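Below is one structure, written out as C-alpha cells, with a few remarks after it.
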Amino acid sequence: MSNDWPLFEVFIRSRAGLEHKHVGSVHAADARMAIDHARDVYTRRQEGVSLWVVKSSDITASDPAEADALFEPAKDKVYRHPTFYAIPDEVKNL
Amino acid sequence: MYTQALDALGKDCLQETRVETAGLEARFQARVDADEKVEPKDWMPDAYRQTLIRQISQHAHSEIVGMLPEGNWITRAPTLRRKAVLIAKVQDEGGHGMYLYSAAETLGISRQQMIEQLLAGTAKYSSIFNYPTLTWADIGAIGWLVDGAAIMNQIPICRCSYGPYARAMVRICKEESFHQRQGFEIMLTLARGTPEQHQMAQDALNRWWWPSLMMFGPSDKESKHTAQSMRWKIKRFTNDELRQKFVDITAPQAQFLGITIPDPELRREEGSEHYRFGAIDWDEFQAVLRGNGPCNRERLEARRKAHDEGAWVREAAAAYADKQRSRATQAA
C-alpha cells in the first residue's frame, strides 16, 4: 500500500466579515486537491464562503506544558481591562 | 511517552516514573472531573488514548461501511426526490467517516493504519451494517431506527472529554437529524400506502428492530469498558440506559405508523413513560461481531474492492503532485 497523502488542516470563513476558523483536516496529494476535499467534506450545507488549507506539518504549536509560562503572566495584569479604573458615576462618556 | 521509555530505565528511575505518572494521572482525572476538555497535545494516560483510538476508529469504520447497505438502493430509489435524498445521505455518511478519522489521527494513529485494520478485518464496526437491505422499505427503517439509535448514542458524545471527538460529534449530530426524519417519512408513506406497501413497512420493522437494539452494545453487566469510559467522560450513559431511552421514544412512533414492533413482551409500564421489552438474542449479536452475520464477508469484500480499484487514482494523483512540485522547484 502506498503512503498516505499529506494531511492538511482546514479553515472555513462561514460568511464575509467573519474570520476563518479551524474545522478539521483532510488528506490530499496537494493543496489544490485539499481544497476540493475540504469543500466536499466540510461545506455540504453552505457552511462557508471561503476555505484555507495548510499542511499540518507546517503548523508550529505551543507546548501545553509551557502554557503557564506563556499565559500566566497576563493573569495579574488586570489594569489592562477598563473595569480596573474607578470613575465617578457623574462623569459621562468615558 | 512514559510507557515507551520504561524499558530503557533503571529500577530507581522506574519507581520515580511511576510516582510521576500517578501524579499526572491524578491531575488528568481532576481536569476531567472539572469538565475541562482534553486537547491533542495535552498529557493523557495511555489507556485513555488507546480507548479513544479504538472507539473513534470503530465509529469511523461504521460510517464508511454504513454507506454500503444504503448505496445498494440509490439506483432503484422510487422517485427522483428519494434518489437525491439518498445520495445526500450516503454522502453525509462518508463525510462523517472523514470527520472521525481526522479526530482519531490527532491521537497519533495514521489514516493508513486505520484503513489497513478495517480491510484486514481486525477492526470492528457496528454490527448493524452486516444485515442486508432487501426492499426499499429497509431504507426507511434504517433512517428511522438505525440513525435514530445512532443519534441516541451520539448526542451524549458531543460532551465527551476529548475535544476533537466532541467537536466532530456536534457536526455529525446536526446532520443526523435529517437522516432520521427522511427515514420516518419513507416509513409513513409506505404505512399509509397500499396493503402491500404497508406490509413492506411491517416486514422492514420486523427485520431491523432487534439488530437496532443491539446497536447499543452488550448489556451493562457484560460491558467491559463502561465504568472506565464513564470516569473519563468518554461515555455519559450506560448501554442499557440508552437502549431504554430508544425503546421509550420509538414505541409510540411505531404505533403512529400503525405497524407492530416484533416483541410480544413489549408493553408500557403502568403510570410511567417506560416500556418493558423482551430479551435480546445476544448469541446473534456475538455471531455477527465474530464475522458470521448475513453480510460481513460481502461488506469487507466491497471495501477491499473499492480500495484496490482506487489505488491507481491515488498513485496518479501523488505522481502528478510530485511532478508539479519538481517543476516549481526547477522554475525557481
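The values are calculated or read from the model by the stated rules, or taken from the named source; none is laboratory data. Here the structure is a predicted model, which is why all the values come from computation and not from measurement. Every residue, glycine as well, gets a Cβ built from its backbone with ideal geometry; the counts of neighbours run over all protein chains shown. Surface accessibility is based on the protein's heavy atoms, side chains included, excluding ligands, DNA and RNA. Shrake-Rupley method; radii C 1.70, N 1.55, O 1.52, S 1.80 Å.
Observations on the model:
This table checks each residue for (1) open to solvent by less than 100 Å² (accessible area, probe 1.4 Å); (2) closer than 25 Å to A:His20 by Cβ.
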{"position": "A:Arg39", "(1), (2)": "no, yes"}
{"position": "A:Gln46", "(1), (2)": "no, yes"}
{"position": "A:Leu51", "(1), (2)": "yes, yes"}
{"position": "A:Lys55", "(1), (2)": "yes, yes"}
{"position": "A:Ala69", "(1), (2)": "yes, no"}
{"position": "A:Glu72", "(1), (2)": "yes, no"}
{"position": "A:Lys75", "(1), (2)": "no, no"}
{"position": "A:Pro82", "(1), (2)": "no, no"}
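- Any chance B:Ile151 is open to solvent by less than 10 Å² (accessible area, probe 1.4 Å) and aliphatic (A, V, I, L, M): no
- Selection count where residues are of a type in the set (Gly, Ala, Ser) and open to solvent by 60 Å² or more (accessible area, probe 1.4 Å), scope the stretch A:6-23: 2
- In the set B:Leu266, B:Leu300, only one residue is more than 25 Å from B:Glu222 (Cβ to Cβ) and open to solvent by less than 60 Å² (accessible area, probe 1.4 Å); that residue is B:Leu300.
- Among the residues of the stretch A:1-14, the one identified as at pLDDT below 95 and among the charged types (D, E, K, R) is A:Asp4.
- Residue check: B:Ala77 meets all listed conditions (1) over 18 Å from the mean Cα position of the chain (by Cα); (2) within 12 Å of chain A (Cβ to nearest Cβ) but one, namely (2).
- Residue check, B:Ala279 free of Cβ contacts under 8 Å to residues at least 24 places away in the same chain, open to solvent by 40 Å² or more (accessible area, probe 1.4 Å), of a type in the set (A, V, I, L, M) and closer than 25 Å to B:Leu145 by Cα: yes
- Within the stretch B:186-208, the presence of at least one residue that is in contact with a Gly (Cβ under 6 Å, 6 or more places away or on another chain), surrounded by 24 or more Cβ atoms within 10 Å (Cβ to Cβ) and either at pLDDT 95 or above or assigned to a helix (DSSP H, G or I) (or both) is confirmed.
- Test: residue in the stretch B:114-124 that is in contact with a helix residue (DSSP H, G or I) (Cβ under 6 Å, 6 or more places away or on another chain), under 15 Å from B:Ile56 (Cα atoms) and either within 11 Å of another protein chain (Cβ to nearest Cβ) or of a type outside the set (A, V, I, L, M) (or both): yes
- Selection status of B:Ala254, at negative phi and surrounded by fewer than 16 Cβ atoms within 10 Å (Cβ to Cβ): no
- Number of residues in the stretch A:9-45 that are under 14 Å from the mean Cα position of the chain (by Cα), under 25 Å from B:Gly108 (Cα atoms) and either among the hydroxyl-bearing types (Ser, Thr, Tyr) or more than 10 Å from chain B (Cβ to nearest Cβ) (or both): the value is 4.
- Qualifying residues in the stretch B:12-71 (those that are within 14 Å of another protein chain (Cβ to nearest Cβ) and open to solvent by 60 Å² or more (accessible area, probe 1.4 Å)) - the one nearest to B:Arg111 (Cα to Cα): B:Lys41
- Residues that are under 19 Å from B:Val32 (Cβ atoms), away from chain A (no Cβ under 13 Å) and open to solvent by 10 Å² or more (accessible area, probe 1.4 Å), drawn from the stretch B:155-180: B:Pro156, B:Ile157, B:Cys158, B:Arg159
- Flag if B:Lys83 is more than 18 Å from the chain's Cα centre (by Cα), basic (Lys, Arg) and either within 19 Å of B:Gly217 (Cβ to Cβ) or away from chain A (no Cβ under 13 Å) (or both): yes
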